[in-house]
Structures are given as structure tokens and as C-alpha cells.
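Everything on this sheet refers to the single structure shown next.
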Amino acid sequence: MTKRMLIALARVSAMYAASYVVAAFCQNVVAQTRRPLQPDDIFSLKTIADPRISPDGAWIAYTVSSLDKKEDTSDTDIYMVAAAGGAPIRLTSSKKPETSPRWSPDGRYLAFLSARDGKKPQVFLLDRRGGDAQAVTDYKTGASAIAWSPDGSKLALLVPDQDPNDPEGGDADAKDKKPKPHVITRLQFMRDGDGYLNEVKRHIHVFDIATKADVEVAHARYDDGAPVWSADGTRIAFSANRTDNPDANDNSDIYVVEPRAGATPRALTTSPGSDTSPVFSPDGKSIAYLAGGNSKDIWYATNTLALVPVAGGASKTLTPGLDRNVSRPQFTPDGTSVLFVVEEGGNSHLARVPAAGGAIARILDGERDIAAYDMAKTGDVAVLESQPQQPGEIHLLPATRTTRCSRRSPSARSSASRPGAPTAR
């Protein structure tokens, strides 16, 4: 077994092996013979991620990742399943990963990222009515962080600068390349997953789907965070560390900018902590975000959920008495509440708080881990959750009940009959 495969196995087992072992091999299933888990069993396990519910709440797109022992590779494909339940539909099947499915506002298209036609990820569009996916971008350095404009005509993306040490954009034959020395020019010169760092930055671009016109928004010497659109399409919000020396601190703030070339970003927050994950309210007047804790505590600082006016003004903390880390804020369609994930005793729960402030309600709690969720315009929520006896699966959370939509575990039972299944509160 190769070193790369051992690393992949270690990562999978560290994250999921405990729950997968119980769910896939230790449940009392008729005519099933129990046996100890073997290393090769890891290759039978599949990992679900990134659930995205269509605007009308009828379909849920998600990714499924697997390992290939023979080829010593991993792959990720995009699937779709009806929110009412049923057999999943596989939408992609190339030998390269397809990730980040994102519904168009009208629900007709799925945009996703893939390097199936080259070495850099590009945006592909897949018509839900049928047909092959078509590449719509051709950035030499690739793209990431897809965000549809509200009218469905444009995409906001993150596009890296051209690396001066790699003018071919990674497309030249590696055999013909001579390795170059790494010149250290930054305080933070390495990052897990990225390797050595240089002065190459990622910037927000706005791409017109019909005309293929590309506009870089607010170019500067800083890395921009993932873009999000306001409901009227007149602003884009993002998080960025735009201090004099971003490597020397973790002081990121929330910015808004018009989606045009040469626009100047305007900072909405100025705290010394790490402010991230902005999301617009449906009326576009406020932004919910994650406010970093005391910067002196570094990684141990507890963050909070906060709200800031887009027009400017003081932020308001929505979770002042909650001594727990929070993540993934999303407004409800009517804008009256904000959903978020909260850590609790080794678990991750789905919670809700009024946008005006007030008591926090746990929507899904108990012994479960909410890895991700997404909300439709109908208010239905697709939730990716796991439990000690059940690996990660996608459930639908309407107003009154929860239904399992995916089933990747070999011995999974119906959530309606499984003790401890999610309940809406």
C-alpha cells in the first residue's frame, strides 16, 4: 500500500471511522455476519458533503467522495436526490473530482467546479433538464467560491493572481520543468494544504455567463474571502485581512463592495479579532457574521454571532451569553431569524436566534454532529448530520418533521424508525 494511500486512509479513519464502524458493521441486521473491521473495508465507505437544496425545496444536490484502492486515487462526484426521498441521481462521473454544487436562482442549472478538462478548476454548468455539463470559465489560474447573482446572469468567484514563477499556469509538462528555489518573502511562508506561500493573492471576479465578460472587483495586495451577493445584486460582501501585515495578525473584517471594476470596498467592522462568514439579510439592510473573540486568545478565543448594518454603524451581538463557538450563519427567508451551528460537548447542533435579539432555540440537539446545512426559499432545510451509530447522511428538515434523503451506509435504517432521529422543535 502506497504512502499516499496510507495518508488518505488515516484521514478518513480519523474523521469518520468510529461512526462508520458502528453503523456499517455493528448493527444487528438480519442474516449479517459480524466480523472485525479490516483495513480494506475503508474502501467501501463513501463520504457525503456539501448539501445544497434547490430554491423551490424540491431537490438536494450533494457530493459523494470515495477511494480507489487499485488506482491509488480518490474521487468526488455530484449527486441529486428528491427532497421527498427516493433513489439518488448521479450527475457527474469523470475521473477528476467535481465539487461545490450551487443552484441557479431559478433552480434550472447547477454550477460546479472541476478540473476535468485541464489542471485548474473551472466553473461548469449543468442543465437539470438533461445534457452534458459545459465549461463556462477558462481562467488560467482556476476559480473557486461560486456565488450566483440574484438574477442568475452572473457569477462571483475567487480567482488567483498569475504566479510569476509559474507563467504556464501549471499546464506545462512537469517533466520539462526544473524545480526553482523557494524565496521566502513572507512572515507566514507555509500553510497546510498550500505549501510554500508567495505574493500570489485571490481576488473577487464577476463573470457574465452570457457574454463571458470578466471584471475583477477591487484589486489590491490582499487575499479576498468568498463573495456573497445582496438580494438586489448591488453589493457583494466578503471577509478579508487588509492590515499592513496580514501575516502578523488575524484581524479580518467584513467589507462590502459594488460588483464593478475599480470599486472601493467599505469596511463594516473594525474589531481587532477575526470577523468572517458574512451573509446578507433578505432585505439587504443587515449582514450577519461570525465575530472573533479576544485576539490575545488566538485559537482559543470563542466567537459569537453578530449583526451589522450595511449602511454603517455599531455591530450587535446576537449570542452574548453563549459560551460556545458558532459557525455557518444563514437568515431565514423572512429575515426574522438567523440559523447557525453551535458546538456543544463534542457535538454540533443546529440553532436559531431572532435577528432582533432574544433567546436561542436548539432546532436539532442531542448526540449528533451537524456538519453542514442549507436553506431553501421555502424555509426547508437540508441537513448533513451524523450520530454515534450513523455516518453522515442528508435529512430534510421542514417545519414539522425530518426525513432522510440520502443513504450511503450499507446497513442504514429508515430515520423514521431509528431511535434518536432528528426532530424539529
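The values are calculated or read from the model by the stated rules, or taken from the named source; none is laboratory data. Please read these numbers as outputs of a predicted model, since none were measured by experiment. In this analysis, Cβ positions are derived from the backbone assuming ideal geometry, glycine residues included, and neighbour counts consider all displayed protein chains.
Annotations
- Within segment 223-243, considering residues that are among the polar types (S, T, N, Q) and in contact with a Phe, Trp or Tyr (Cβ under 8 Å, 6 or more places away or on another chain), the one surrounded by the fewest Cβ atoms within 10 Å (Cβ to Cβ): 241
- Residue 304 satisfies every condition listed in (1) touching a Pro at 6+ places or on another chain (Cβ under 9 Å); (2) in contact (Cβ under 8 Å) with a residue 24 or more places away in the chain except (2).
- From the list 151, 192, 250, the lone residue that is touching a residue at least 24 places away in the same chain (Cβ under 8 Å) and over 30 Å from residue 134 (Cα atoms) is 250.
- Flag: residue 263 matches the condition of being in contact (Cβ under 8 Å) with a residue 40 or more places away in the chain, surrounded by 16 or more Cβ atoms within 10 Å (Cβ to Cβ) and either touching a Gly at 6+ places or on another chain (Cβ under 8 Å) or of a type outside the set (Lys, Arg) (or both).
- Test for residue 133: is it touching a His at 6+ places or on another chain (Cβ under 9 Å) and modelled with pLDDT of 90 or more: no
- Any hit, segment 281-290, residues being hydroxyl-bearing (Ser, Thr, Tyr), under 15 Å from residue 225 (Cα atoms) and part of a loop (DSSP other than H, G, I, E, B): no
- Summed over segment 73-130, the residues that are closer than 18 Å to residue 141 by Cβ and touching a residue at least 40 places away in the same chain (Cβ under 8 Å) give a count of 6.
- Residue 352 farther than 28 Å from residue 266 by Cα, surrounded by fewer than 16 Cβ atoms within 10 Å (Cβ to Cβ) and in contact with a strand residue (DSSP E or B) (Cβ under 9 Å, 6 or more places away or on another chain): no
- In segment 143-156, the residues that are within 14 Å of the chain's Cα centre (by Cα) and either acidic (Asp, Glu) or surrounded by 18 or more Cβ atoms within 10 Å (Cβ to Cβ) (or both): 145, 146, 147
- Every test in (1) surrounded by fewer than 16 Cβ atoms within 10 Å (Cβ to Cβ); (2) part of a strand (DSSP E or B) is passed by residue 106 save one, and that test is (2).
- Which numbered condition residue 323 fails, given (1) touching a His at 6+ places or on another chain (Cβ under 9 Å); (2) surrounded by fewer than 18 Cβ atoms within 10 Å (Cβ to Cβ); (3) at pLDDT below 95: (1)
- Only strands (runs of 3 or more DSSP E) whose full extent lies in segment 175-271 are considered here, and the ones with at least 2 residues that are under 22 Å from the mean Cα position of the chain (by Cα) are 202-208, 236-240, 253-257.
- The set of residues in segment 335-361 that are of a type in the set (D, E, K, R) and at pLDDT 95 or above comprises 343, 352.
- Summed over segment 281-301, the residues that are in contact (Cβ under 8 Å) with a residue 24 or more places away in the chain, farther than 18 Å from residue 339 by Cβ and surrounded by fewer than 15 Cβ atoms within 10 Å (Cβ to Cβ) give a count of 3.
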